[in-house]
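In what follows, a structure is listed as structure tokens, so that the remarks can point back to it.
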Amino acid sequence: PHVRCGKLVVAQDDELAELERVAGLAKGAGATVELVDRAFVAAREPHVRAAAALWSPDTGWLEAEALVRALQADVERHDGVVLVGSPLVGIEPAPDGLIVVTPQERIDAELLIDAAGLYADDVSRLAGGDEFRIYPCRGEYATLTPGASALVHGLVYPVPHASGHGLGTHFTRTLGGEVWLGPTVRYVEDKQDYERDRAPVESFLEPARALVPDITLSDLRLGGTGIRPKLHPPSERFADFLIRRDSRNPRVIHAAGIESPGLTACLAIAEMAAGMV
């Protein structure tokens, strides 16, 4: 299930130069985008405040769980096996590859693709591979109440500033009709720290009203959280995805540090890894 709803990246009067910079980056990367005026924004999102915006007609939304289920079905249709609830506890060298060890199995492997998300650095260490560090970075969400969800029709983003660590707190309308506001950016020490010291719902009001002034505190509820597997610490701004063969252990290919765009790019990343195989 998916919908190609398009996305608006909206700018206020003092952000127009930054919006043009982002438009140039997007076009340089091959994306179809268009700079649009206030009237265009009002026609699509009448409650959104904007002096201008960047319109991405090809952006959409899909049901992530359904995508994962479909990929699992493809694996099984090609006689692959998906082992759930099987933590990796060891990786041993073997004459023709590796032995992947779980509490229940010892699996002979010619090659290992390390797509372990928050734990990709741990997997690399177990394999005697390259040293790198995954920095867990929590993103928290608020949601609009059902009565306020009509204030946002699609995907509405602020201008991402070069000094930031993400795309900014933005609105996402799901296929089920919910409207999410987020994610925030907060580096944490624990890769499982999803809930400790959650930001209060009041902290979402200012970024919400910066895009949709009609929103009030009573329109907001705390939502879910997620943790990004970043390859750079908070003192640095950006690190690209790590997709390459390990320099120490050629039996390992990394797909590590894959943040949010990795869901959109998952099939392309898989094709790239398959080419390395």
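The values are calculated or read from the model by the stated rules, or taken from the named source; none is laboratory data. What you see is a predicted model; the values in this text were computed from it and never measured. Positions of Cβ are generated from backbone atoms using ideal geometry, with glycine treated the same way; all protein chains shown enter the neighbour counts. The accessibility values were calculated without ligands, DNA or RNA, using every heavy atom of the protein model including side chains. Shrake-Rupley method; radii C 1.70, N 1.55, O 1.52, S 1.80 Å.
Inside the stretch 46-140, counting only strands (runs of 3 or more DSSP E) that do not spill past its ends, which hold 3 or more residues that are surrounded by 15 or more Cβ atoms within 10 Å (Cβ to Cβ)?
Per the criteria, 52-56, 97-101, 112-114.
Against the numbered list (1) within 29 Å of Met276 (Cβ to Cβ); (2) free of Cβ contacts under 8 Å to residues at least 40 places away in the same chain; (3) part of a helix (DSSP H, G or I), Ala42 comes up short only at (1).
Would you point out which residue out of Leu25, Leu8, Leu35 is open to solvent by 70 Å² or more (accessible area, probe 1.4 Å), hydrophobic (A, V, I, L, M, F, W, C), part of a strand (DSSP E or B) and more than 27 Å from Val252 (Cα to Cα)?
Leu35
Taking each residue of the stretch 95-116 that is modelled with pLDDT of 95 or more and aliphatic (A, V, I, L, M) and looking for partners that are surrounded by 15 or more Cβ atoms within 10 Å (Cβ to Cβ) and assigned to a loop (DSSP other than H, G, I, E, B) with beta-carbon atoms closer than 6 Å, six or more apart or interchain, yields Leu98/Arg251; Leu111/Arg251. Take Ala256 and decide whether it is farther than 30 Å from Gln12 by Cα and either in contact with a strand residue (DSSP E or B) (Cβ under 7 Å, 6 or more places away or on another chain) or exposed (fewer than 13 other Cβ atoms within 10 Å of the Cβ) (or both). Criteria met by Ala256. The residues of the stretch 29-81 that are within 21 Å of Gly262 (Cβ to Cβ) and aliphatic (A, V, I, L, M), listed by number, are Ala29, Ala31, Val33, Leu62, Ala64, Ala66, Leu67, Val68, Ala70, Leu71, Ala73, Val75. Based on this model, can you work out whether Asp219 counts as more than 27 Å from Phe171 (Cβ to Cβ) and open to solvent by less than 60 Å² (accessible area, probe 1.4 Å)? Against the criterion (more than 27 Å from Phe171 (Cβ to Cβ) and open to solvent by less than 60 Å² (accessible area, probe 1.4 Å)), Asp219 does not qualify. Ala239 meets each of the listed conditions (1) open to solvent by 40 Å² or more (accessible area, probe 1.4 Å); (2) over 14 Å from Ala116 (Cα atoms); (3) free of Cβ contacts under 8 Å to residues at least 40 places away in the same chain; (4) of a type in the set (Gly, Ala, Ser) apart from (1). Taking the stretch 160-178 as the range and being over 17 Å from the mean Cα position of the chain (by Cα) and open to solvent by less than 60 Å² (accessible area, probe 1.4 Å) as the test, the residues that pass are Ala162, Gly177.
Summed over the stretch 58-72, residues that are touching a residue at least 24 places away in the same chain (Cβ under 8 Å) and among the β-branched types (Val, Ile, Thr) total 1.
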